[in-house]
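Visitor: One structure, pasted below without further comment.
Derivation of every value follows stated rules applied to the coordinates shown; laboratory data play no part. Everything quoted here is computed from the prediction, not taken from an experiment.
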Amino acid sequence: MLSCLLYSAGAVAQVAYPKALTLTQTERRTVDLKQGMTLEEVEKLLGKPKRTALRAQVGLHEPQGSLQWTYTWSSPSQSDRSLQVVFASRSPEQWVVNSWDWTGY
């Protein structure tokens, strides 16, 4: 019985954290990125990022900032490649894609 529970827990963990996409898979999926997509939509499309950064800016009328998700790949024969997706927000719960950019090309 205990081994069944441990196996089930492992299966749940694998579902919660799927294997990271390859560079080629991400390049293909990036064409479906659109301004205004939510965090959840981007995570469903590209998976969890390797790094995140939050930059707060205080505006005259309301706080604004940007949340940056960075996806990275390295190869011994190529330079590092990364995709940075930048989200904008007017409130902490409403992040939407503002822009994205590839580096290392």
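Visitor: Defining a contact as two alpha carbons under 8 Å apart and six or more residues distant in sequence, what relative contact order in percent does region 20-103 show?
Guide: 26 percent
Visitor: Separate question: Any idea what % of Cα-Cα pairs in region 20-103 are farther than 15 Å?
Guide: Values: 2006 of 3486 pairs.
Result for the distance tail: 58 percent.
Visitor: Would you list which lysines come within 22 Å of Lys19, measuring only between C-alpha atoms, while excluding same-chain residues fewer than 8 positions from it?
Guide: Cross-link targets: Lys44, Lys48, Lys50.
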